[in-house]
1. Would you call VAL100 farther than 29 Å from LEU137 by Cα and assigned by TED's automatic domain parsing to the domain that holds GLN23?
2. Here are some conditions: (1) assigned by TED's automatic domain parsing to the domain that holds LEU20; (2) at pLDDT below 90; (3) of a type in the set (Asp, Glu). GLU61 meets all but one. Which one does it not meet?
3. Does GLY90 satisfy the condition of being within 17 Å of ASP7 (Cβ to Cβ) and either modelled with pLDDT under 85 or crowded, with 16+ Cβ neighbours inside 10 Å (or both)?
4. Is it the case that some residue within segment 69-77 is without any contact (Cβ under 8 Å) to a residue 24 or more places away in the chain and not assigned by TED's automatic domain parsing to the domain that holds THR151?
Amino acid sequence: MRILVIDDDEKLCQVVKRGLEEQLYAVDCVYNGDDGQYYAENTPYDLIILDVMMPQKNGLEVCRNLISKKINTPIIMLTAKDTIGDRVKGLDTGADDYLVKPFAFPELLARTRALLRRKGESKSSEIKLGDLVINTLTHEVFWKEHPIDLTSKEYVILEYLMRNPNAVLTRTMIENHAWDYELDSSSNLVDVYIKRIRQKIDTDQSKSIIQTIRGAGYRIGIRN
C-alpha cells in the first residue's frame, strides 16, 4: 500500500515516513500544498496524510481541489488546532479523519489501518483466497494452513494482489503501490518478486494462483 504525506514540517514527515515504512507501507513525502496536490493527482495512492497549515496552498484547499477532481483517496487531516470548528471544517471539506498535533504514532497507525480497511469494504484483518490467507495486521501469510516466510516487499506485493482478486494488475500498477518514487521503473523487479512469491506459496506452476497475463501483467485467482 502506498501513502502520501503532505506536511511542511520536514522532520515530522520523515518520522512518519520511517514509522510507516516499518509497517511495510511505501511512502512519499512532500512539503507544500502545490507539490502535494500534484503528487496526489498523478499517482494512485491508497491514503493521503495531509497537514492543514502549509505555505503556498493549505490542506483544506488541497483537499477541496482533490475532491473537485473526483480523486477519492482517503485523507487523514493533521492540524495543530484543537477546536470543534476546525475539525468540522476539515471533515466538511472532504477529509475522512482528523488528528490533532502532537499525536502518538500508534494512533496515526491505527487510523491508517482503519481507513484502509474501510476502503477495502472489510473490517477483518484477514484476506482469504482459496488456500491462501494473509493477516494485514500481523503480516502473517499461510498457504494450506502452513506459515509462509515472505520478505517485506514480497508481502506488500502479495497483499496488493490479494486486495484485488481476479483483476489484471499491470507491472506499473504494482510498482506504484509497492515502491516510492526512488524505484527505477526500467527494472524488472516486479517479475523477480512475483517469481519468488510463486516459489514460496505455489510449487505447482501449471495451476499457480498467481497467473501471468501475457502483455498485460498479473492476476491472482483460483484456477480449476
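The values are calculated or read from the model by the stated rules, or taken from the named source; none is laboratory data. Note that the coordinates shown come from a computational prediction; the quantities given were computed from them, not determined experimentally. Note: ideal-geometry Cβ built from the backbone for every residue, glycine included; neighbour counts use all protein chains shown.
1. Values: farther than 29 Å from LEU137 by Cα: no; assigned by TED's automatic domain parsing to the domain that holds GLN23: yes.
So VAL100 does not fit the description; no.
2. (2)
3. On the way: within 17 Å of ASP7 (Cβ to Cβ): yes; either modelled with pLDDT under 85 or crowded, with 16+ Cβ neighbours inside 10 Å (or both): yes.
Yes.
4. Looking for residues that are without any contact (Cβ under 8 Å) to a residue 24 or more places away in the chain and not assigned by TED's automatic domain parsing to the domain that holds THR151, one finds at least one in segment 69-77, hence yes.
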